[in-house]
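Undergrad: My questions all concern the structure below.
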Amino acid sequence: MDRSTKTGIAAPRLALAVTTAIAGLALAGCSTSSAPRADVSFSNAQVALQKGQTEKAIAHAEAAVLAEPRNPGYRALLGAAYLEGGRFQSAATSFSDALDLGNEDPRTVLSFALAKAAVGEGHAAVQVLDEFARLIDPADLGLAYALAGQPERGTHVLINAVRTSDQVTAKHRQNLAYAYALAGNWRAARVMAAEDVSADQLDARMTDWATMSAPEHFQQRVAAMLNVTPRTDAGQPQRLALANFPAQEVMVAQAAAQAEVPVVAAATPKPAAKPSPKPSVAEAFAAPAPKVAAAATRASAPARSSAPAPAKAAGVRFVSNPVVQQLPARSEAAAPRVAASSQRRMAPAAAPAPVASDKAANTHLVQLGSFSSKAEATRGWTVLKRKFPQLQDHDVVITEAVVNGRTFWRVAAAGFGATSARGMCGTVKSAGRGCFAYTATNPPAGAVDRGVRMAARSR
C-alpha cells in the first residue's frame, strides 16, 4: 500500500512535465544535421524519466542539450531529470538556463524555485517567483514562497486563494496547513490539516511536519516532497554551460561593439630607437586568446525561442498535482551544517586602506550586451538583474546602434565611476559574460541618438 492510500492524500509530485509532442515542435528552426540526434535523445530522455530510470534520463537529456544547446525545452527536461536524481545544484542551473532562453512555463519556474530552495538560495528562488507570480497557480505559489523561506508570505497568498477561489480543493487547504506549520503557527496548521486528514492520521502528519520545520532542513524538506534522495552534486557539466553557446547575432554585435572601443594608453616619451609596430585596435580585437574569446562574446541574454512551453504528461512528475505537501512517514535526520571558516595570514606590512566607491561620480556606463530587438534587450536586462543583484541600484540605458548595416539594441548600466565600472565588468566577465566600460561622453561607435533610459531600481 503506498503513502497516498494510507493517508487519503496524494503523494507529492513536484517537477517538470513534458510530453513527446513537444519533441517535434521544439525543433522548429533547427538545422537538419543536428535535429535528428537532438530529437531522438530528447524522446529517449522522456521515456526513461517516465519509467523512473533517472540516470538514463540524465544521460539522454544531456545528449539532447549538447546537440541543440539553445533549445529551452531540452534545458528544462534536463533540469527535471537532475531534480528527479536529487542533483539540486545541476537542476537549478538547467532551469535557470531554460528561463534565460525564454521558457516561462509555470512548472519550469516552480521547479527552479524548488531547486534553489534545496541548495539554500531562498532569496534567488523568491526573486524568480516574484517575477513570474502572475503566471503561477496561487496554490503552488504560496507553498513555493513558504519553502523558499518566506512562510508568512506563503500563507498570505494561500489564504487569499482559499477566500477567492470558486473551487477550493484539498490542495489549497493542505498547502495552507503546511505553510502555517513552516511559519510556526501549529494551531492553525492542525485545524486546516484536519479538513482532509483523518483523526487517526493527524498526529503523524503534524509529527512529520515538525521534523522538517527547522530552517536548516531546507534540503530535506524539498527532497521529502519530491520523494528523492539528495546526492552530492558538483554541478552541471561544464561542456553544457550556456556560456559556451552564445546566440550568433549577439556574438556579432558584441564583437563589433568591443572592436569600436578606443584603447587609451598613458602618454610616454618616444624612445630614440625605432619602436616596433603596434597593432591597430581592430587587429587587437580580431584574434583574442581562445579561452578569453568565448567568455568575452557570450550573450548577455539569449533571444526568445519560438518553441512552445512543455505540456503535462501522465507518468511524469509535475508541480501542480492535487496536493504537493505530503511528507513520507520516515525522514532521516538532517546532517548538521558546518560553516567553513578560515583564517587569513596577514603580511607584516599594514593592510591597505579600502578602496572608496566612486559610484557618485556617475561618469561611466558598462555595456552588458547587444540584442536584435528592443523587446529582447528589455528582457535581457531583467535576466541580468537576476544574475547580478549589484545592478538593482543602477539605471539601464537601452541604445539603438547600427553596425555594418545591421541594427542592434545595446544594453548598458549607468551610474558608475571609472573604478566601480571596472569592478562591475570584472564581476560580469568572471561569470562568463561580455562587458566593457565607457565614459558617458564617449559612447561606442555606431550609436543612434535615440537612447532610452529606464529606471531600474524600483522593485
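The values are calculated or read from the model by the stated rules, or taken from the named source; none is laboratory data. On a predicted model such as this, the values are computed, not experimentally measured, just so you know. Here the Cβ is made from the backbone with ideal geometry for all residues, glycine too, and neighbour counts use every protein chain on show.
Undergrad: Could you please find all residues in the range 85-108 being in a loop (DSSP other than H, G, I, E, B) and either of a type in the set (A, V, I, L, M, F, W, C) or modelled with pLDDT of 95 or more (or both)?
TA: Step one: list which residues in the range 85-108 are in a loop (DSSP other than H, G, I, E, B), which gives 85-87, 101-105.
Hits for the range 85-108 are G85, G86, R87, L101.
Undergrad: When you scan the range 21-41, do you find a residue that is more than 18 Å from N244 (Cα to Cα) and at pLDDT 90 or above, even just one?
TA: Scanning the range 21-41 turns up at least one residue that is more than 18 Å from N244 (Cα to Cα) and at pLDDT 90 or above.
Undergrad: Can you pull out the residues in the range 122-156 that are among the aromatic types (F, W, Y) and buried (at least 24 other Cβ atoms within 10 Å of the Cβ)?
TA: Restricting attention to the range 122-156, the residues satisfying the condition of being among the aromatic types (F, W, Y) are 132, 145.
Y145 - this is the single residue of the range 122-156 that is among the aromatic types (F, W, Y) and buried (at least 24 other Cβ atoms within 10 Å of the Cβ).
Undergrad: Within the range 392-404, which residues are outside any helix (DSSP H, G or I), within 27 Å of the chain's Cα centre (by Cα) and of a type in the set (D, E)? Even if it seems obvious, please write down each step before you answer.
TA: Our first condition is that a residue be outside any helix (DSSP H, G or I); within the range 392-404, this holds for 394-404.
Those still in the list that are within 27 Å of the chain's Cα centre (by Cα) too: 394-399.
D395, the sole residue that qualifies.
Undergrad: Here's another thing I want to ask about it. Looking at the range 109-121, is at least one residue on the phi < 0 side of the Ramachandran plot, in the same structural domain as S165 (by TED's automatic domain parsing), in a helix (DSSP H, G or I) and surrounded by fewer than 24 Cβ atoms within 10 Å (Cβ to Cβ)? Outline the logic, then answer.
TA: Step one: list which residues in the range 109-121 are on the phi < 0 side of the Ramachandran plot, which gives 109-119, 121.
Cutting the leftovers down to in the same structural domain as S165 (by TED's automatic domain parsing) gives us 109-119, 121.
Filter again for in a helix (DSSP H, G or I), leaving 109-118.
Cutting the leftovers down to surrounded by fewer than 24 Cβ atoms within 10 Å (Cβ to Cβ) gives us none.
No, the range 109-121 contains no residue that is on the phi < 0 side of the Ramachandran plot, in the same structural domain as S165 (by TED's automatic domain parsing), in a helix (DSSP H, G or I) and surrounded by fewer than 24 Cβ atoms within 10 Å (Cβ to Cβ).
Undergrad: Has the range 216-223 got any residue that is assigned by TED's automatic domain parsing to the domain that holds G52, crowded, with 19+ Cβ neighbours inside 10 Å, basic (K, R) and at pLDDT below 95?
TA: Within the range 216-223, one or more residues are assigned by TED's automatic domain parsing to the domain that holds G52, crowded, with 19+ Cβ neighbours inside 10 Å, basic (K, R) and at pLDDT below 95.
Undergrad: Oh, and also: Does any residue in the range 224-240 that is without any contact (Cβ under 8 Å) to a residue 24 or more places away in the chain come within less than 9 Å, Cβ to Cβ, of a residue that is assigned to a helix (DSSP H, G or I) six or more places away or on a different chain, and which pairs are these?
TA: Q238/N244
Undergrad: Another question about this same structure. Only one of R173, R221, R205 is touching a helix residue (DSSP H, G or I) at 6+ places or on another chain (Cβ under 6 Å), assigned to a helix (DSSP H, G or I), closer than 25 Å to A98 by Cβ and charged (D, E, K, R). Can you tell me which?
TA: On the way: R173 fails: closer than 25 Å to A98 by Cβ; R205 fails: closer than 25 Å to A98 by Cβ.
Only one candidate qualifies: R221.
Undergrad: Considering only the range 38-73, how many residues are more than 18 Å from Q236 (Cα to Cα), assigned to a helix (DSSP H, G or I) and without any contact (Cβ under 8 Å) to a residue 40 or more places away in the chain?
TA: The total comes to 7.
Undergrad: Inside the range 139-162, can you point out the residues that are over 19 Å from M212 (Cβ atoms) and in contact with a Lys or Arg (Cβ under 8 Å, 6 or more places away or on another chain)?
TA: A139, V162
Undergrad: Going by the structure shown, is R410 part of a strand (DSSP E or B) and modelled with pLDDT under 85?
TA: Numbers: part of a strand (DSSP E or B): yes; modelled with pLDDT under 85: no.
No: the conditions fail for R410.
Yes or no, residue by residue, for (1) within 22 Å of the chain's Cα centre (by Cα); (2) surrounded by fewer than 19 Cβ atoms within 10 Å (Cβ to Cβ):
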{"position": "A361", "(1), (2)": "no, yes"}
{"position": "L368", "(1), (2)": "yes, no"}
{"position": "A375", "(1), (2)": "yes, yes"}
{"position": "K385", "(1), (2)": "yes, no"}
{"position": "R406", "(1), (2)": "no, yes"}
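Undergrad: Does A181 fit the bill of being closer than 22 Å to Q127 by Cα, assigned to a helix (DSSP H, G or I) and free of Cβ contacts under 8 Å to residues at least 40 places away in the same chain? It would help to see each step written out before you state the result.
TA: Numbers: closer than 22 Å to Q127 by Cα: no; assigned to a helix (DSSP H, G or I): yes; free of Cβ contacts under 8 Å to residues at least 40 places away in the same chain: yes.
No, not satisfied.
Undergrad: Name the residue that is farthest from Q174 (Cα to Cα), counting only residues in the range 202-215 that are buried (at least 16 other Cβ atoms within 10 Å of the Cβ) and not hydrophobic (A, V, I, L, M, F, W, C).
TA: From the range 202-215, those buried (at least 16 other Cβ atoms within 10 Å of the Cβ) are 205-206, 208-209, 211-213; that's our starting set.
Restricting the remaining residues to those that are not hydrophobic (A, V, I, L, M, F, W, C) gives 205, 208, 211, 213.
Values: R205: 11, D208: 14, T211: 17, S213: 15 Å.
Step by step, filter the range 202-215, then rank; the result is T211.
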